[in-house]
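Undergrad: Below is one structure. I have some questions about it.
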Amino acid sequence: MFKHEWLETNIGLLTILTMLAISIGGLVEIAPLFFIKNTVEKVDGVRPYTPLELRGRDIYQREGCYLCHSQMIRPFRDEALRYGHYSLAAESQYDHPFQWGSKRTGPDLARVGKKYSNEWMVAHLVSPRSLVPESVMPNFPWLLTTQLDYSDIEDRMRALRIAGVPYSLTKAEYDANVKKFGKQTADMLDINKARQNLIKQAEDNDYDGDPSNISEMDALVAYLQVLGTMVDFSKYDDDEFVKYR
Amino acid sequence: MSASKQQAHVPQTTGHVWDGDLQEYNNPLPNWWLMAFYASVVFAVIYWFMYPAWPIAGTFTTGFKTITYVNNKGVEKTVHWNTRALLLQETNEAVKAQKPYFDKLSSMSFEQIAKDPEMNSFVLSAGKELFSDNCAPCHQQGGAGKVGFAPNLTDDDWLYGGHFSEINHTITYGRHGYMPPFAGVLTDQQMTELADYILSFEKYPVNPASAEAGNQLFHSETAACYYCHGADAKGRKVIGSANLTDSIWLWANVPAAKTIADKEAAIKTVITGGLNRGVMPTWQGRLSTDQIKLLTVYVHDLGGGQ
C-alpha cells in the first residue's frame with residue numbers, strides 16, 4: 001500500500017511530485033483563460049502604443065514606477081469613485097508585460113491620462129514635493145535632461161510584433177491595421193515609419209515644454225497622458241462589461 | 001496538554017535514532033487541525049457550485065448564486081454572481097442612500113445650495129474629498145494656488161469669473177489661457193515701459209515718463225495689449241486675460257521680486273515669452289454633472305465667490 005512516509009523520505013521524488021501538483025493547479029486555473037472567449041472584452045478604441053509612447057513605457061519600467069503605482073482599477077466602489085471606471089482586460093491586451101502592479105504607495109495610474117496638464121506632469125516628475133508637499137515620490141530630474149535614445153525603436157517594435165502586438169512590417173499587415181484601427185493609427189503602427197513618427201509626435205506635442213530636443217520626459221509624459229483614455233466609456237451602458245465575467 | 005492525556009497515548013517515534021539517543025516523535029495531527037482541513041475542502045466544493053470557478057472549453061462554470069442590479073437605463077437584470085455586477089448593485093445602494101442629497105443638489109440652484117445649511121455641509125464634506133483627489137495637486141490643499149502654476153481660488157480675483165455659472169463652465173470644459181510672445185515685436189525699451197505702466201497701477205515708484213509711454217503703447221496698435229486685457233487693463237473674462245491693475249499675480253511673480261528692476265524683469269519675461277502654460281483640464285467625462293455642481297459650490301464657498 002502507498003505510504004506517505006515513502007514520499008517524504010525520497011527527496012527527489014518529493015520535489016518532482018510537488019512541482020507536478022503545483023503545475024496542474026496553475027494549468028487548470030490559468031491556461032484556459034487564453035481560450036475563454038470572454039476574457040478580453042470587445043471594445044472600441046484600444047490600440048497599441050505609438051513609438052513615442054512605447055519608449056515612455058520602457059522608461060516607466062526602467063525607473064520602477066510600477067513598484068509604487070498600480071495600473072489596475074478593481075471593480076470596487078471606492079476605487080470607482082477615486083479613479084474612474086474599472087480597468088478592462090482589453091485595455092492591457094497590447095501590454096507586454098502588463099503594468100498592473102501590486103503595490104500602491106502612490107495612487108493608481110490606470111486612468112491618469114489627461115487628468116493633469118503636461119506642465120503638471122513635467123513639474124511633478126522633476127520635483128513632486130514642489131506641487132504635493134506631503135509626497136514621498138522620488139525626484140526624476142534626469143528625465144528632462146537626458147536625450148531620448150530611439151536608435152533601436154524598430155527593434156523594440158519588432159520584438160513586440162513577435163509577441164502578437166499588431167505593429168506592421170509588410171504591406172498586408174499595414175492594410176489589416178488600416179481596417180482594424182483606421183488609417184491614422186495604422187500609420188503610427190508601421191515599423192518602417194517608426195522613427196519619423198516618433199520625432200513628429202514629440203515635436204507636434206512638445207510634452208516637456210522644450211521644443212529644441214526630444215527628452216526622455218517627452219516619451220514618459222506621452223505615455224502617461226494616454227493611460228486609460230483609449231476607451232470612450234460614455235458610448236457604453238454601465239453594465240456593458242458585466243457579461244464578460 | 002494535561003498529564004492524564006499525555007499518559008493516555010503512548011508517544012510513537014519515527015524509529016530513527018541519531019547520535020545514539022536523539023529520537024523524533026511521530027505524533028498524529030491534532031484533531032482540530034484535521035477538522036479545519038476537511039472543512040476547508042468541503043467549503044471549496046460548495047464554493048465551486050456557488051461562484052464562477054472552473055474553466056471548461058471556451059467558457060467556465062458560472063455557479064448557482066445570482067445577483068440583481070439595475071443599470072443606467074433603469075433595466076433590472078439578474079446574472080450569475082460576479083464582481084462587476086456586485087459593483088453596480090453596491091453603487092445603486094449607495095446612490096439610494098445619498099439620493100435625497102443628490103436629488104436636492106440637481107433640483108436646487110447654486111444660490112439655494114449655498115444658502116441651505118444642510119446642503120452646505122454636504123457640499124463641504126463631499127467637495128473637500130473631490131477637491132483633494134482631483135484639484136489639490138494643482139490648486140493646492142485649501143485652494144490657495146501656486147504662483148507660476150495654478151490660480152488661487154480663495155481670493156476674489158477671477159480670470160474667468162467667479163459666478164456659479166462661470167466656475168461651473170471652467171470646471172466642466174477646462175480652460176487654456178493664451179498670450180502670444182512679443183519677443184521680436186517689441187523692443188526691450190518698449191517692454192520696460194509697458195512693465196512700468198502696469199506697475200504704476202499698484203503705485204510702485206516707477207519712472208512716470210516711462211509709465212506714460214507704456215500707457216500709450218498698451219493702447220496702441222503696435223502692442224495691442226488693450227485688445228485682450230481691455231482698455232482699463234482689468235482683463236476680459238471670456239479669454240481669461242489677467243487683471244493687470246490689481247496686486248494679484250499668477251505668472252509674473254511681482255510680489256516676490258525685491259527691487260523695481262526685478263519686478264520689471266518679471267513682467268518682461270511674460271511679455272517676451274507669452275503664455276501658453278495655463279492649462280486647466282476638462283473634467284466632463286471624468287466627473288459627473290452632480291460632482292461638478294458640488295465642486296462649483298465648494299470652490300465658490302472657498303472665499304471668493306461672486
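Undergrad: Is it possible to state the helix-based mean residue ellipticity at 222 nm for chain A, with each DSSP H run of 4+ residues giving -39500 (n - 2.57), the sum divided by total residues, to the nearest 500 deg cm²/dmol? What is it?
TA: -12500 deg cm²/dmol
Undergrad: Tell me which residues come under 5 Å, amide H to amide H, from B:Lys146 once H is placed; ignore anything under 5 positions away on its chain.
TA: B:Asn152
Undergrad: Let me ask another. For segment B:222-306, what value does the Rg/Rh ratio take when both radii are computed over Cα atoms and Rh is the Kirkwood radius, given to two decimals?
TA: Taking Rg over the Kirkwood Rh, I get 1.06.
Undergrad: Let me ask something additional. Based only on Cα atoms, what Rg/Rh ratio does the protein assembly as shown have, Rh being taken as Kirkwood's radius?
TA: Answer for the protein assembly as shown: 1.10.
Undergrad: Taking the Cα centre as origin and putting +1 on Lys and Arg beta-carbons and -1 on Asp and Glu beta-carbons, what dipole magnitude results for chain A, to the nearest 20 debye?
TA: 520 debye
Undergrad: To continue, here is another question. Where does each of B:Cys228, B:Cys138 land when they are ranked from fewest to most other beta-carbon atoms within 10 angstrom?
TA: Neighbour counts put them in this order, fewest first: B:Cys228, B:Cys138.
Undergrad: Over segment A:51-232, what lengths in whole Å, largest first, do the semi-axes of the equivalent ellipsoid take, defined as the square roots of 5 times the eigenvalues of the alpha-carbon gyration tensor?
TA: The answer is 27, 21, 14 Å, longest axis first.
Undergrad: Using the Cα centre as the reference, give the magnitude of the dipole from point charges on the C-beta atoms of the protein assembly as shown (Lys, Arg: +1; Asp, Glu: -1; all else neutral), rounded to the nearest 20 debye.
TA: That gives the protein assembly as shown a dipole magnitude of about 1420 debye.
Undergrad: Please return the longest range in chain B lying between exposed loop sites, taking trypsin sites (Lys or Arg not before Pro), DSSP loop only, at most 11 other beta-carbon atoms within 10 Å, and leaving the sites out.
TA: The answer is B:74-202.
Undergrad: Please compute one quarter of the surface area of the Cα convex hull for chain B and express it in square nanometres.
TA: Hull-based average projected area comes out at 35.2 nm².
Undergrad: Next up: Among A:Met230, B:Met191, B:Met35, which comes first, second and so on when ranked by fewest other beta-carbon atoms within 10 Å?
TA: B:Met35, A:Met230, B:Met191
Undergrad: Compute a Gaussian network model of chain B, connecting alpha carbons closer than 10 Å, and tell me which residue from B:His163, B:His219, B:His16 fluctuates the most.
TA: Maximum fluctuation in the GNM of chain B, among the listed residues, is at B:His16.
Undergrad: Can you find, among B:Cys228, B:Gln98, B:Gly305, the residue farthest towards the positive end of the dipole of chain B? Put +1 on the C-beta of Lys and Arg, -1 on that of Asp and Glu.
TA: Positive-most Cα among the choices belongs to B:Gln98.
Undergrad: With θ set to phi - 60° and the Karplus curve 6.51 cos²θ - 1.76 cosθ + 1.60, what are the ³J(HN,Hα) couplings of segment A:197-210 in order, to the nearest whole Hz, using x for Gly and Pro?
TA: 5, 4, 5, 5, 4, 5, 6, 5, 9, 6, 4, 8, x, 10
Undergrad: Okay, which of segment A:165-185 sit inside 13 Å, backbone N to the point 7 Å along the Cα-Cβ direction of A:Asp204?
TA: In segment A:165-185, the label zone of A:Asp204 (backbone N under 13 Å from the point 7 Å along Cα→Cβ) covers A:183-185.
Undergrad: Can you tell me the convex hull volume per residue for segment B:172-280, based on C-alpha atoms, in Å³ to the nearest whole number?
TA: 97 Å³
Undergrad: Here is a follow-up. Of all the C-alpha pairs in segment A:1-91, what % are more than 17 Å from each other?
TA: Summing the P(r) of segment A:1-91 above 17 Å gives 74 percent of all pairs.
Undergrad: Now for a separate question. Just want the answer: with Cβ charges of +1 for Lys and Arg and -1 for Asp and Glu, which residue in B:Gly148, A:Gln147, A:Tyr174 is farthest toward the dipole's positive end in the protein assembly as shown?
TA: Going by the Cα projections, it comes out as A:Tyr174.
Undergrad: Just to be sure I understand the model, the point goes 7 Å from the Cα along the line to the Cβ. What's the resulting B:Thr13 to A:Phe35 distance in nm?
TA: Here the answer is 5.4 nm between the modelled labels.
Undergrad: I've got another one for you. Over 5 Å intervals from 0, what percent of Cα-Cα pairs in segment A:102-161 sits in each interval?
TA: With a bin width of 5 Å, the distribution comes to 4, 14, 16, 20, 16, 17, 9, 3, 1.
Undergrad: Principal axes first, then extents: for the Cα atoms of segment B:1-121, list largest minus smallest coordinate on each axis, whole Å, largest first.
TA: So the three principal-axis extents are 91, 47, 29 Å.
We did not get these values from a lab; they are worked out from the coordinates using the rules stated. None of the values given here were measured: they were computed from a predicted structure. Don't worry about glycine lacking a Cβ; one is built from the backbone with ideal geometry, like all the others, and counts go over all protein chains shown.
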